[in-house]
Amino acid sequence: AKNELVTDLADASKFREVAEYVFNKLDKDRRVVLIGPRGIGKSTLATYVTCRSLLGGLGSKGPNEPVDAVIHIEKSLKPGDALMINNLVEDTKRRFVVIYDPSPIEAYYKPEAMQRARYDIKGIRETLKELMEVRNAWVVIILPRELYEQVQRVGEGDVDLRQVLDNLEKNVVT
């Protein structure tokens, strides 16, 4: 239960400032895209923001009421999944945070695995399109800088994914 949750979260200096900025973006735009190099702490920041959302925010930053649940997307969403998430939120009258991180779990306990990681560009593209349709929940998207830069380079990557990322540009936190 939330009132029984005991936490010992550190939030000093720049980390807290970035977390406050992320909360502000989520509160205003309902979605944020965290982009940065491997190992910089994007997933840690997303976890921290999510945990604080479950506790009711970060001081004056964040929701007035704690969120009720977290949906973590490990692989990808299929067409229609955003509608299902929107309906779930509406039907339950609960507050949700949706987190999407396309990096394999091995990246967190075996960083060298990221050297060999191959991204499912089509799956990422479809998932991001679906996440843009989620309107009833906060959405946190975590993208490695390498993937983002590869897609943004002219003549490389997936043109459709580049267009999706361009639509998310205002939500990017680097």
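Arg38 is checked against (1) on the phi > 0 side of the Ramachandran plot; (2) surrounded by fewer than 19 Cβ atoms within 10 Å (Cβ to Cβ); (3) at pLDDT below 85 and fails just one. What number does that condition carry?
(1)
Yes/no per residue for (1) of a type outside the set (Lys, Arg); (2) in contact with a Cys (Cβ under 7 Å, 6 or more places away or on another chain); (3) farther than 17 Å from Leu168 by Cβ; (4) in a helix (DSSP H, G or I):
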| position | (1), (2), (3), (4) |
| --- | --- |
| Glu17 | yes, no, yes, yes |
| Val22 | yes, no, no, yes |
| Lys28 | no, no, no, yes |
| Tyr48 | yes, no, yes, yes |
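Filter the stretch 1-35 for residues that are closer than 23 Å to Ala82 by Cβ and of a type in the set (D, E, K, R); which is modelled with the lowest pLDDT?
Going through the qualifying residues, I end up with Asp27.
Under the condition of being surrounded by 18 or more Cβ atoms within 10 Å (Cβ to Cβ) and within 21 Å of Tyr148 (Cα to Cα), which residue from the stretch 19-35 is farthest from the chain's Cα centre (by Cα)?
Here the answer is Lys25.
I need the strands (runs of 3 or more DSSP E) fully contained in the stretch 61-174, keeping only those with at least 3 residues that are modelled with pLDDT of 85 or more and open to solvent by 20 Å² or more (accessible area, probe 1.4 Å). First the steps, then the outcome.
On the way: elements: 69-73, 96-100, 138-144.
Output list reads 69-73.
The values are calculated or read from the model by the stated rules, or taken from the named source; none is laboratory data. Note that the structure is a prediction, hence the values are computed from the model and not measured. Heads up, the Cβs are rebuilt from the backbone with ideal geometry, glycines too, and the neighbour counts pull from every protein chain shown. Remember, those area values only see protein heavy atoms, side chains included, never the ligands or the DNA or RNA. Shrake-Rupley method; radii C 1.70, N 1.55, O 1.52, S 1.80 Å.
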